[in-house]
Each structure stands twice: as structure tokens, then as C-alpha cells.
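One structure below.
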Ligand code: 5GP
Ligand code: SF4
Ligand code: MG
């Protein structure tokens with residue numbers, strides 16, 4: 001999901017709509033914006049793309065206010081019904097509260113069961129609403145103390161934005177799995193998922209919100225508190241591999257260069273004689289540039305993508321996913337025919353996209369097709385906010401590399417090693433005792449407890 005919040009400007013909603021548009025890649029299912037004008041909250045939430053939802057004057061005129069938070073939804077838990085569109089909004093004894101969440105809670109099901117048992121009426125099926133009820137039930141008085149109290153019960157990955165009558169509040173979970181950055185535009189403060197959402201409105205990047213940090217922007221400026229016990233940071237390495245936009249800088253690393261570096265590592269680890277390096281667009285492009293530069297082979301756009309189709313995997317239904325890939329890619333025959341082709345892509349999940357792309361490249365006359373993947377094999381599902389299928393649907397959990405190569409129909413297949421991935425991030429390798437990132441979908445080493453999956457009752 002995507003988050004964008006702003007405090008202290010007369011066009012809070014317009015800025016938010018632009019920010020959410022820059023973050024469209026993080027979720028295409030639905031969007032919402034809640035504003036506050038000093039007396040009243042206003043909100044508009046709908047299914048669809050940001051430009052369609054917030055492209056009309058009637059909608060934007062409704063969203064008056066000097067502060068706002070917005071969200072793009074990308075379904076992980078909760079299904080795609082309208083009542084799950086964020087930000088969620090409710091009235092509390094202290095005033096209104098809008099809440100938007102990127103990530104996924106890993107004990108929400110158990111907490112929800114407990115809350116329902118004591119009489120909480122849930123409006124949605126999202127994990128996020130649990131936080132709202134915990135805030136409502138907290139015995140503390142200020143919003144921030146209640147939030148800290150609520151988050152003390154919650155496990156999982158979360159970057160959160162809250163909008164109250166007084167403030168814009170941002171939080172990252174203690175391991176900082178999902179991103180959140182701070183920006184400044186004149187007197188306004190901005191909290192958003194990625195720096196590309198600052199660029200679109202001409203705002204300045206200030207810094208990342210730290211793991212476990214709460215930042216509060218209000219009439220007195222920006223303050224920060226760190227109420228949680230310090231933990232080792234474990235930012236999602238898949239943000240660098242695939243999810244974040246290449247022109248963003250997150251956690252101090254430029255995403256485009258990180259991807260190019262992975263391509264370089266891949267070329268060092270798994271070279272192969274060939275005539276041309278071809279990216280699977282768009283997600284494979286930066287890694288393919290790195291692979292070509294390192295190997296000295298020519299880089300060509302041997303596959304052309306139709307840009308008027310969204311990311312196929314974000315479409316929830318399987319039959320649409322299958323349709324999607326043919327809508328999306330076409331071989332550029334002049335640069336494929338008679339050639340030994342190295343295809344570079346960011347990851348293999350189910351393997352269905354890769355299989356169809358390989359078939360397409362062979363039909364265009366490729367002499368050999370080799371595939372190089374800028375991530376290690378995806379062996380395990382994500383429970384922290386990226387929509388991966390169940391383990392039994394992951395190609396890498398069903399086959400070894402040779403088996404995967406056969407399944408997708410390539411002459412050779414190689415993945416970057418886990419150490420190669422860490423080297424691309426500027427580290428010596430993966431420190432197994434204390435890894436610098438969350439890499440659970442490649443290692444099965446889950447840094448945050450999976451209570452809901454394991455059925456562990458929370459007895460705190
Ligand atoms: P596959 O070969 O696994 O079907 O698709 C691989 C390509 O599609 C990659 O380029 C990746 O960007 C994207 N992709 C397809 N399905 C998913 C999915 O369920 N999750 C993620 N993270 N990426 C996917
Ligand atoms: Fe990111 Fe993978 Fe960890 Fe999920 S499991 S947070 S996708 S690294
Ligand atoms: Mg892709």
C-alpha cells in the first residue's frame with residue numbers, strides 16, 4: 001500500500017492526490033483521502049486509480065482542509081470490498097481520527113477475536129481496524145499515548161499515518177519493515193511511503209522516519225518520540241528488488257542503483273555466452289542494465305510493454321492475471337530473431353509470467369533463451385504486506401533451479417545469491433546471525449512472530 005500525509009498547507013487534498021498518483025505502483029485497487037479543515041473532517045474513498053477517483057472538481061472541492069492523509073490500497077488481508085478502503089475514519093471521545101496502514105499485522109486475527117468477544121463492532125475485515133479499536137479502548141488520555149498503548153499489543157509490519165483534530169502522526173514498526181519518509185514543502189510537513197511522492201509536488205526530502213519512531217506534525221512543528229524497545233532494523237529487501245519506484249530513495253539507498261547493482265552481481269555470479277541482454281519490462285530494466293554493463297553484452301529492449309495495463313499481479317483474480325500478461329508484453333522481433341538472448345527479470349513468483357514470456361521470445365525466433373533473476377528464489381510467502389501467494393503456489397518451493405528452468409522452458413536459469421543481493425546493497429554479505437534486511441521470502445527467516453499463522457493465542 002501507499003501512504004501520503006501532509007500538514008500545514010491550504011491545498012492538502014490536491015497535494016495528497018498528486019502524492020498518491022506518484023505512488024500508484026504500490027496499490028491500484030482503491031484510494032482514499034481524508035482532510036481536516038479546522039472544524040470538520042471530509043473524506044472520499046473509492047475503488048480504482050487515483051487519477052480517476054480524484055480527477056474531478058466536485059470531489060476535490062469537497063476535500064477542504066490544511067491537513068490530510070491518503071492511502072492506495074493493495075489487498076493483502078481483508079478482501080477487496082468497499083468497506084475495506086482506507087483511510088478508515090471514526091469519532092472518538094478526543095475527536096475524529098483517520099488511520100491509514102501500509103504493511104500487515106501478524107496477530108490481527110487473534111486480537112480481533114478477542115475484541116469481538118468483548119463487544120467491539122468491526123466495520124471492515126481489515127487487520128488495520130484492530131488498531132482503531134485498541135486506541136478506542138485504551139485508558140490513556142492523549143492520542144499519542146493511546147496509540148503507543150495500542151501498538152504495544154500489535155505484532156507485524158506497519159507504517160501508519162494518523163490524522164487528528166490537532167496533528168498528523170506517522171509511525172514505523174520497531175523493525176522498520178515498510179518505508180516512511182519525511183518531507184518539507186514551505187511550511188508544510190509531509191509523511192509518505194517513498195521519496196518519489198515528494199518529488200511530484202516539489203517537496204524536499206528531510207529523512208526517513210526511523211524504525212520504532214513516532215513523528216508528530218502540528219502547529220508547533222515536528223516532534224519525534226521513540227517509545228518502543230530498540231530492535232535490529234529489518235527493512236524489506238523486496239522493496240529494493242521490486243516494490244519501490246526506481247527513482248525513490250528509501251532507507252538511504254537509491255532504488256535504481258540498488259537494482260543495477262543486483263544485475264552486476266548476477267552477471268559476476270552467473271555469466272553465459274550470449275548476443276543480447278533483454279529486460280522483462282518494466283520491473284527487470286534496471287537489473288538488466290547492470291547485467292549488460294558488467295558482462296559487456298549489448299542491451300536491447302527486445303520486449304515492449306504496453307503501459308496502459310497495470311501491474312498484472314495486483315489484479316486479484318487468477319483469470320485476469322492469466323489474461324494480463326498477453327495484454328502487457330510483445331516481443332520486438334528484430335532484436336530477438338536468431339540471437340542467444342539473456343532475459344533479466346526481478347523475481348519469479350508463480351512462474352506463469354516467465355513461462356509465457358519465454359514462449360513468446362522463442363516464437364520470435366530466439367536461438368537460445370537464458371533467464372537471470374535479480375532476486376534469490378522466492379521460497380516463502382510474505383506475511384508483512386506484500387501479496388505473495390501461498391507457499392505451495394511458489395515455483396521455488398516446488399522445484400529446485402533445474403526444475404524451475406524446465407518449467408519455464410529456458411536453456412539456463414540462475415538467481416542472484418543471497419550474499420550477492422546483500423553485496424548489491426553495499427554490505428559484505430548476509431550476516432546470518434543478524435541480517436540487515438527482512439529477506440524472509442527468500443530465506444524463511446521471519447523476523448516478526450507469525451501468531452495468526454501459527455495460531456498462537458496472545459495472552460498478554
Ligand atoms: P511469474 O513468472 O512468477 O509469474 O512472474 C514474475 C514477474 O511478475 C516478476 O516480474 C514480478 O515482477 C511479477 N509478479 C507476478 N506475480 C507476482 C506476485 O504474486 N507477487 C509479486 N511480488 N510479483 C509478481
Ligand atoms: Fe519484504 Fe519478503 Fe520480508 Fe515480505 S517477506 S517484508 S516481501 S523481504
Ligand atoms: Mg515484472
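The values are calculated or read from the model by the stated rules, or taken from the named source; none is laboratory data. Quick caveat: nothing in here was measured; it's all calculated off a predicted structure. Using ideal geometry, Cβ is built from the backbone for each residue, glycine included, and neighbour counts are taken over all protein chains shown.
Out of 228, 205, I need the residue that is touching a helix residue (DSSP H, G or I) at 6+ places or on another chain (Cβ under 8 Å) and not in a loop (DSSP other than H, G, I, E, B). Which one?
After applying the criteria, what remains is 205.
Here is a list of conditions, (1) part of a helix (DSSP H, G or I); (2) in contact with a strand residue (DSSP E or B) (Cβ under 8 Å, 6 or more places away or on another chain), and residue 441 meets all of them except one; can you say which number that is?
For residue 441, the failing item is (2).
Counting just the residues of segment 277-302 that are in a strand (DSSP E or B) and more than 25 Å from the chain's Cα centre (by Cα), which one comes out nearest to ligand 1 (Cβ to nearest atom)?
Going through the qualifying residues, I end up with 278.
Applying the selection to segment 234-261, what residues are closer than 17 Å to residue 386 by Cα, part of a strand (DSSP E or B) and more than 8 Å from ligand 2 (Cβ to nearest atom)?
Those that are closer than 17 Å to residue 386 by Cα, part of a strand (DSSP E or B) and more than 8 Å from ligand 2 (Cβ to nearest atom): 235, 250.
I'm trying to understand the selection: among the residues of segment 383-409, which are away from ligand 3 (no atom under 16 Å from the Cβ), touching a residue at least 24 places away in the same chain (Cβ under 8 Å) and in a loop (DSSP other than H, G, I, E, B)?
Of everything in segment 383-409, those that are away from ligand 3 (no atom under 16 Å from the Cβ), touching a residue at least 24 places away in the same chain (Cβ under 8 Å) and in a loop (DSSP other than H, G, I, E, B) turn out to be 383, 384, 385, 409.
Counting just the residues of segment 359-380 that are crowded, with 24+ Cβ neighbours inside 10 Å and within 12 Å of ligand 1 (Cβ to nearest atom), which one comes out farthest from the chain's Cα centre (by Cα)?
Here the residue is 371.
Which condition breaks for residue 329 when tested against (1) more than 22 Å from the chain's Cα centre (by Cα); (2) buried (at least 18 other Cβ atoms within 10 Å of the Cβ); (3) within 16 Å of ligand 3 (Cβ to nearest atom); (4) modelled with pLDDT of 95 or more?
Here residue 329 meets the rest and fails (4).
Which is touching a residue at least 60 places away in the same chain (Cβ under 8 Å) and within 21 Å of the chain's Cα centre (by Cα), of 85, 33, 69?
Numbers: 85 fails: touching a residue at least 60 places away in the same chain (Cβ under 8 Å); 33 fails: touching a residue at least 60 places away in the same chain (Cβ under 8 Å).
Only one candidate passes the filter, namely 69.
Name the pairs: first residue in segment 350-363 and under 17 Å from residue 337 (Cα atoms), second residue modelled with pLDDT of 95 or more and in a helix (DSSP H, G or I), Cβ to Cβ under 8 Å, at least 6 apart or on different chains?
Close Cβ pairs satisfying both conditions: 358/408.
As an exercise: evaluate residue 256 against (1) under 24 Å from residue 192 (Cβ atoms); (2) in contact with a strand residue (DSSP E or B) (Cβ under 7 Å, 6 or more places away or on another chain) and give the number of the one condition it does not meet.
(2)
Out of 250, 237, which single residue is touching a helix residue (DSSP H, G or I) at 6+ places or on another chain (Cβ under 9 Å), at pLDDT below 95, within 20 Å of residue 175 (Cβ to Cβ) and crowded, with 23+ Cβ neighbours inside 10 Å?
250
Which of (1) in a loop (DSSP other than H, G, I, E, B); (2) at pLDDT 95 or above; (3) surrounded by fewer than 19 Cβ atoms within 10 Å (Cβ to Cβ) is the odd one out, the single condition residue 14 does not satisfy?
(1)
Within segment 264-276, restricting attention to residues that are touching a helix residue (DSSP H, G or I) at 6+ places or on another chain (Cβ under 8 Å) and under 23 Å from residue 418 (Cβ atoms), which residue is farthest from ligand 2 (Cβ to nearest atom)?
Looking at residues that are touching a helix residue (DSSP H, G or I) at 6+ places or on another chain (Cβ under 8 Å) and under 23 Å from residue 418 (Cβ atoms), I get 271.
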